[in-house]
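The values are calculated or read from the model by the stated rules, or taken from the named source; none is laboratory data. As the structure is a prediction and not an experimental result, all values here were calculated from the model. Glycine gets a Cβ as well: all are built from the backbone with ideal geometry, and neighbour counts include every protein chain shown.
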Amino acid sequence: MTTTDDRLRILRMVEEGQISAEEGARLLEAITDDVARVRARTAARPRSLRVVVTDLHSRRQKINVTIPASLVTVGLKLGARLFPRNASVTNDDVLRAIERDMPGRIFELQDLEEGERIEIFVE
């Protein structure tokens, strides 16, 4: 049920005398507050995934790319392989990190054979 449906239902209940106008006003206000809370929570969520690859010898960044979280979610759900087989983080771990409201580093791997450090951050 949408908030528009909820509002109409509340107004009908007031019209039919099932609840008072004051009760209806409180219910309408509660719906509005719920919508505002959801929007605020959504706005506070991390919006991107940053992948940084650093050369271990020169300490220079070889790659520093930001990917919108919506694209990461779609890519992972379509089966894109983001991590090496021996990585301690899985695609599901990345999705959970994006869904949590806590930005920060979620993955770090030092590939000594390639001389690289790979880091992934939720921002």
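Look at the range 101-113: where a residue is at negative phi and a partner is in a loop (DSSP other than H, G, I, E, B) and at pLDDT 85 or above, sitting 6+ places away or on another chain with Cβ atoms under 7 Å, you get 110/56.
Taking helices (runs of 4 or more DSSP H) that fall entirely within the range 21-118, which contain at least 2 residues that are modelled with pLDDT of 65 or more, surrounded by 12 or more Cβ atoms within 10 Å (Cβ to Cβ) and within 13 Å of the chain's Cα centre (by Cα)?
Helices (runs of 4 or more DSSP H) meeting the threshold: 69-77, 91-99.
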